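Visitor: Please see the structure below; I have some questions.
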Amino acid sequence: MAVPAGSRGRRAATGPVGSPVNLAPFRDAVLSDPSPVTGARVAAAVQSSGQLLGTDGVLEAVENLTADLRGLGPLQRLALKGTVTDILVNGPSEVWTDGERGLERSQVTFSNDAEVRALATRLVTAGGRRLDDGNPCVDVRLDGYRVHAVLPPVSTQGTLLSIRIRRPRVFTLAELVGPASGWLPYLEAVVAGRLNFLISGATGSGKTTMLSAMLGLSASFERLVLVEDAAELNPDHPHVVGLQSRHSNLEGSGSVDLGELVRQALRMRPDRLIVGECRGAEVREFLAAMNTGHAGAGGTVHANSAAGVPARLAAMGALAGLEPQALALQASTALDVIIHLDRTAAGRQIRELALLRATSAGTLETVPALVARGTTMEFGPGWRELEPRLFGAGTGQARTAGS
């Protein structure tokens, strides 16, 4: 017997003789009522159907139907795995997950591309936006998820879905770094010394997780104001408020960008101003804030290496109308340290601490201060300048890398 649409990849509800139950009538019954879909309505639709499902069958039918109508459909069981951070759908027959073990292909499949498109459309609609042929690429935020969808023919292999899962668990810095790595005292000093910092790295390198863990070390009397495109930071701290950007509505109005949120955050008495990810013109307001006395600020930036951060900042500065020379001066005086993360086959790891410096030519460059070399750490030419920022003046070279 064919598996009912929408139930592939998870256990199908079964009747008293163990045969799969067709969920379509239950789904139609719920959707025929325009009122909000709730767990109680789903359960009532199943129980009033008159089908002899048995207790286990009813529970499974409610679970599967709820996933179809309110959750991630056949992807729901993947999202429930605590180690999965991303679910990637490359058409109906190819679903991947990303997590602590890297990319893995799952056994979940869809019946056809129409089923993938239906799920994508429902998720995007739940986020207050529209996904159709006239608007084929959409990004939305839902409770616990960030969803990106692309429809054909923009996508060449069917409907594409990329789902980032926000995990409620907060890692401590010690859990992420581990005392044996040698990096812990340096990162603790960045927070304790209220240095302004950026965490750089490629996609999936753990920048957001690291930023949350570092913010958890902030003094309890400090007020943290978070500015994010999508709310993902969850620091373990008693005083955190968050601002989140907003896309324009279906009429094309009502958007609130990160630059505006940074300006609003400065009016909220932040002890630490945090920009979850610097990606555009908001870098101007962020650097200006750090240069006008807002110490202890932090954020993340996409870059494949610490040496690639200046180019990323220059590109963002150009979007804000900043000349390269002005950007170099602002960034070199505002930011105390760059913390670069790598993701390798061995997992996520800290690769480098670096300084930003304006050159005589008016450009921006990084100067390595502490660099991972295999299982050891080496001081770079920027260490003499970074050390007193971390541990105070007069420390000399008392510390050794990894001590």
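Every read-out reported here was derived from the displayed coordinates using simple, explicitly stated rules and does not represent laboratory data. This is a predicted model, so every value here is computed, not measured. As a convention, Cβ positions derive from the backbone with ideal geometry for all residues, glycine included, and neighbour counts pool all protein chains shown.
Visitor: What list of ³J(HN,Hα) couplings, whole Hz, do you get for segment 268-275 from phi and the Karplus terms 6.51, -1.76, 1.60, once you set θ to phi - 60° and write x for glycine and proline?
Guide: Working through the residues one at a time gives 10, 6, x, 7, 9, 9, 10, 10 Hz.
Visitor: Using 0.36 nm per residue, how much length does the chain from MET268 to ARG343 gain when fully extended, once their Cα-Cα distance is taken away?
Guide: Result for the pair: 23.4 nm of gain on full extension.
Visitor: On to the next question. What relative contact order, as a whole-number percentage, does segment 74-165 give when Cα pairs under 8 Å and 6 or more residues apart are counted?
Guide: Over segment 74-165, the number comes to 28 percent.
Visitor: State the extension gain, in nm to one decimal, for the chain segment bounded by ASN112 and ALA192, taking 0.36 nm per residue of separation less the distance between their alpha-carbons.
Guide: Once the chain is fully extended between ASN112 and ALA192, it gains 23.4 nm.
Visitor: Using per-residue counts of other Cβ atoms within 10 Å, averaged over each peptide, order 190-201, 307-318, 144-155 from highest down.
Guide: Packing proxy ranking, top to bottom: 190-201, 307-318, 144-155.
Visitor: Sort 320-331, 100-111 by packing, meaning the average of other beta carbons within 10 Å per residue, with the highest value first.
Guide: 320-331, 100-111
Visitor: Would you mind calculating the relative contact order of segment 111-160 from Cα pairs under 8 angstrom and at least 6 residues apart, reporting the percent as a whole number?
Guide: RCO, segment 111-160: 30 percent.
Visitor: Here is a further query. Work out, step by step, the length gained on full extension between ARG373 and SER360: first 0.36 nm times the residue separation, then minus their alpha carbon distance; give nm to one decimal.
Guide: That pair, ARG373 and SER360, stretches by 1.7 nm at full extension.
Visitor: Now for a separate question. Using amide H atoms built in the peptide plane, which far-off residues or other-chain residues are under 5 Å from GLU282 H to H?
Guide: Long-range HN contacts for GLU282: GLY259.
Visitor: With only Lys, Arg, Asp and Glu charged, each at its Cβ (+1 for the first two, -1 for the last two), find how big the charge dipole of segment 279-403 is about the Cα centre; round to the nearest 20 debye.
Guide: So the magnitude is around 280 debye.
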